[in-house]
Structures are given as C-alpha cells and as structure tokens.
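For reference, the structure is listed below as structure tokens.
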Amino acid sequence: MALYSEKVMDHFRNPRNVGTIENADGIGEVGNAKCGDIMKIYLKIDNDIISDVKFETFGCGSAIASSSMATELIKGKPVSEALALTNKAVVEALDGLPAHKIHCSVLAEEAIKSALKDYYDKNGIAYDKKDFPDCESCGHCCGE
C-alpha cells in the first residue's frame, strides 16, 4: 500500500485555492513549532456564505494537501458549516493520512477557525469561545 492516497498526491501536486485575498474578511494563521508547518487562510464572506477562500502553506506535502482539501470543503458553504469542519473530515476527504501526518489536518482545521474568529472579531459578531480554543492551551500550533 502506498504511503499517500491518490487524493493526497493530487491535492499536493495540483493544490486548489492557492494564493491570497486582498481585503479578506477573515485571515487566520497557525503553525506547528515541532514540524515547522505554517498555514494561512483567507476568507471572503458574503451573506454568511464563504464565497472565496485561499491559502498559503509553508510545509510538507501533507500540509499542502490538507490546506487544499480544507478550502475545497468550505468554499460556497455557510460560515456555520465551515466552523464545524473537523480535521477528521479533512483526513476522510483525502482518503487518509499517515498517522504521523494527522497534525497537518489539525492545522487546516485550526487555520480555518482562526480566520473565522478574525471575521467575527472584525465585524463585532458574538461567538461561543468554546468554538475557538486559544493557542496557548490547545497544544497543536505551539508544539506539544
């Protein structure tokens, strides 16, 4: 069995939604000090729908594939669905990741949540703090 699925390889070789969004409604950046991966997500939101999403990722193939797939999963969806996206859903959509690369999908989930929190903060929209764990306590983006 190959280490990486065809979907992982496809999203690595042909990543979707790469780039930036000028005047983005929400921007989220997270990183993992242990492996050096950094993900930045840009959101454009119109009438509570994610009309556009772009990413910049510095990292391994799994990090790029996870970013690409995560953006595909939330594009055109309501903000509430994007907020509910889990790293498990990203892994499943990629047809799996090796156990030692699961943290890449966690970063993708956290980057999207960070961008959504930025959107809420910029627009004075109330939110439940439990939906946005702070970096110091989560252990993922600051290393474990």
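Contact order normalised by length for the stretch 6-124, with contacts defined as Cα pairs under 8 Å and 6 or more residues apart; what percent is it?
Details: 230 pairs, mean separation 38.2, N = 119.
Relative contact order for the stretch 6-124 comes out at 32 percent.
Counting only Cα, what are the radius of gyration and maximum Cα-Cα distance Dmax of the stretch 6-124, in Å?
Both quantities, over Cα of the stretch 6-124: 13.0, 42 Å.
Please sort 43-56, 111-124 by packing, taking for each peptide the average over its residues of neighbouring beta carbons within 10 angstrom, highest first. Before the final figure, lay out each step's value.
Numbers: 43-56: 17.5, 111-124: 19.3.
Ranked by mean Cβ neighbours within 10 Å, highest first: 111-124, 43-56.
Would you work out which of Leu83, Ala93, Phe12 lies farthest towards the positive end of the dipole of the chain, given +1 charges on the beta-carbon of Lys and Arg and -1 on that of Asp and Glu, about the Cα centre?
Towards the positive end, the residue furthest out is Phe12.
Any idea how far apart Ala84 and Asn14 come out in nm if each label point goes 7 Å out from Cα toward Cβ?
Between Ala84 and Asn14, the simple spin-label model gives 3.0 nm.
In debye, nearest 20: dipole of the chain around its Cα centre with unit charges on the Cβ of K, R (+) and D, E (-)?
Numbers: 16 positive and 23 negative charges, 47 e Å.
Charge dipole of the chain: 220 debye, to the nearest 20.
Based on DSSP, what percent of beta bridges with both residues in the chain are antiparallel, to the nearest 5? Spell out each step's value before the answer.
Details: 16 of 17 bridges.
Bridges in the chain that DSSP calls antiparallel: roughly 95 percent.
Taking the Cα-to-Cβ direction at Asn47 and at Lys34 and moving 7 Å from each Cα, how far apart do the two end points lie in nm?
4.3
No value in this document is a laboratory result; all are computed from the given coordinates. All values derive from a computational prediction rather than experimental measurement. Reconstructed Cβ throughout: ideal geometry from the backbone, glycine too, with neighbour counts over all protein chains shown.
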